[in-house]
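Just below is one structure, and these are the notes that go with it.
The values are calculated or read from the model by the stated rules, or taken from the named source; none is laboratory data. Since we're looking at a predicted model, the values are computed, not measured. Note: ideal-geometry Cβ built from the backbone for every residue, glycine included; neighbour counts use all protein chains shown. What goes into the accessible areas is simple: the full protein's heavy atoms, side chains included, and nothing from ligands, DNA or RNA. Shrake-Rupley method; radii C 1.70, N 1.55, O 1.52, S 1.80 Å.
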Amino acid sequence: MKKLFSLLFLFMALSGCKSLTTQDNIINFLSAPKLNQNESEVVRAISEYTNRNINLKYPKSGGNASPVNIVDIDNDGTNEAVVFYSARSIGGNVRMAVLTQTEKGWVVTDDSEGFGTEIYKADFESFSDKKQKNIAVGYTFSDSSEKLLSVYTLNGKTVKKTDTYSCQDYTICDVTGDRAADIIIAGNNAEEQVASIAVISLINTNFITIAKAELDTTNAKVTNIALTKTENGGNAVLVDYSDPYKFVHTEVFEYTKGKLEQIMSGNTVVKEWAQAYNLISLDTDKDGFFETPTIITDSTSIEKTAKFMEWTCFYIENPERKLFGVCETEKGIFIPIPDEWQNYITVSKNEDGSYIFSSVLDSSALLTMTVYTSRVPPDIDSGAVLVSIGTMQIAFTFGENTSPEQIKYITENIIYLK
């Protein structure tokens with residue numbers, strides 16, 4: 001899922017001193033994580049087993065971003081390895097290999113073909129009160145238009161597929177509060193039909209739908225499902241989805257007594273969004289309550305590729321805005337700005353692509369922002385602050401009237417939306 005990225009400061013302007021890192025360091029920071037020795041041995045064992053060079057398949061979403069997973073699935077005190085990969089001449093779909101450790105090293109004990117060409121996400125959770133984990137794999141394709149969730153169990157040294165669901169999206173979490181994971185899934189919807197949200201739990205040895213609800217809008221394309229808190233201490237299911245007219249909706253259902261009861265309709269928060277990437281709700285301050293982004297209008301002018309945006313928790317009795325700022329829509333970056341700047345700034349774009357946040361009172365520049373897509377650090381002014389997000393870097397030059405507290409607030413709360 002999308003989240004607040006930790007920031008790497010190359011030039012510190014808060015204290016007046018400057019700290020430099022080398023180009024090699026920043027390139028290493030931005031590169032994909034390298035396999036450690038143990039993981040490399042796992043990959044070598046699969047290559048020897050298949051007699052082919054393999055390509056690791058990284059999950060496209062979710063909190064687990066690794067194709068090589070070392071985890072004790074059967075709770076016997078010894079780790080297994082679960083690896084997602086593809087190889088030429090072994091079919092077009094992604095494969096999942098499970099390996100166990102022996103005195104001679106890692107050995108492939110199960111190898112099977114999945115249901116898509118890509119891994120959407122992978123989870124290792126227990127769906128029962130037992131300690132043994134299940135393997136839950138979301139398969140998809142290059143355009144992510146279709147997703148299939150398969151749940152596997154480990155029986156001895158082999159893997160057994162339990163159930164497979166075709167869906168728009170899903171998440172795995174404990175919504176029932178029984179300390180066992182549940183599946184919250186958004187089913188596919190036929191044309192002019194509404195999609196349903198279901199909670200699926202493992203009861204005895206079977207996965208059973210224990211609660212279900214329908215969305216308010218037909219032809220909904222679900223883009224996000226999240227477990228969120230309610231004010232009474234319960235759990236709720238938040239669903240973001242878009243309609244055919246490029247409007248984004250957010251709907252919330254409280255789970256109580258085996259039912260999903262709507263506590264916020266899909267028409268409460270509706271905003272137009274024409275970008276290719278999805279605009280979804282996030283827990284911006286990690287307090288368990290999710291905030292929904294909305295585009296807001298302002299009395300001042302603003303550049304068309306930059307939109308004023310705020311993040312608010314709407315489903316509580318007294319909705320609370322947590323963040324206000326500017327969304328650079330092309331790169332998918334939200335830049336928070338202090339509340340005291342609202343209604344007092346305008347944003348313009350220079351020919352070189354940089355943005356200027358100016359005061360409407362005296363036209364002074366509060367900050368200048370330039371987004372770089374290169375991995376190599378650009379030449380920037382010595383007084384600038386450089387923030388890295390994925391493979392992008394954002395250079396900020398702050399005006400003399402911007403306080404250290406405002407600089408810290410802006411640079412530490414950036415959100416990457418893609």
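Numbers at a glance
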item	result
Normalised convex hull volume, the stretch 90-178, alpha-carbon set, Å³ per residue	111 Å³
Largest-first ordering by accessible area, 1.4 Å probe, given options 363, 126	363, 126
Calculated Rg and Dmax of the stretch 29-177 using C-alpha coordinates, Å	15.0, 46
Cβ-based charge dipole, the stretch 102-174, positive-most Cα from 102, 141, 120	102
Value at 222 nm in deg cm²/dmol, rounded to 500, when DSSP H runs of n ≥ 4 in the chain each add -39,500 (n - 2.57)	-2000 deg cm²/dmol
Calculated P(r) of the stretch 279-418 - Cα pairs past 18 Å, %	56 percent
Lys, Arg +1 and Asp, Glu -1 on Cβ, resulting dipole of the stretch 37-134 about Cα centre, debye, nearest 20	400 debye
Surrounding net charge for residue 55, when Lys and Arg each add one and Asp and Glu each subtract one, Cβ distance under 12 Å	+3
Relative frequency of Cα-Cα separations exceeding 22 Å in the stretch 128-211, percent	29 percent
Cβ charges +1 (Lys, Arg) and -1 (Asp, Glu), total dipole of the chain, debye	1140 debye
For the stretch 70-141, fraction of C-alpha pairs farther apart than 14 Å, in %	63 percent
Residue 243/residue 48 FRET efficiency (R0 60 Å; Cβ-Cβ; nearest 0.05)	0.75
Of 57/212; 121/349; 57/331, pairs whose Cα-Cα distance is over 30 Å	57/212; 121/349
Rule-of-thumb Rg ratio for the stretch 149-272 [Cα; 2.2 N^0.38 Å; N residues]	1.12
Unit Cα scatterers, Debye sum, the chain: log10 I(q)/I(0) for q = 0.06, 0.12 Å⁻¹	-0.30, -1.10
Residue-normalised accessible area of the stretch 107-205, expressed per residue, 1.4 Å probe, Å²	44 Å²
Lysine pair count for the stretch 224-298 [Cα-Cα under 17 Å; pairs on different chains or 8 or more apart]	4
Accessible carbon and sulfur surface of the chain relative to its total accessible area, %, 1.4 Å	45 percent
Largest to smallest accessible area among 218, 305 [probe 1.4 Å]	218, 305
Rg to Rh quotient for the stretch 219-292, alpha carbon positions, Kirkwood Rh	0.98
Length added when fully stretched, residue 190-residue 157, from 0.36 nm per residue minus Cα-Cα	7.9 nm
Gyration tensor verdict on the stretch 39-108 (Cα atoms; rounded if a/c is under 1.5, prolate if a/b is larger than b/c, oblate otherwise)	oblate
Linear extension gain, residue 343 paired with residue 71, 0.36 nm per residue minus alpha-carbon span	92.8 nm
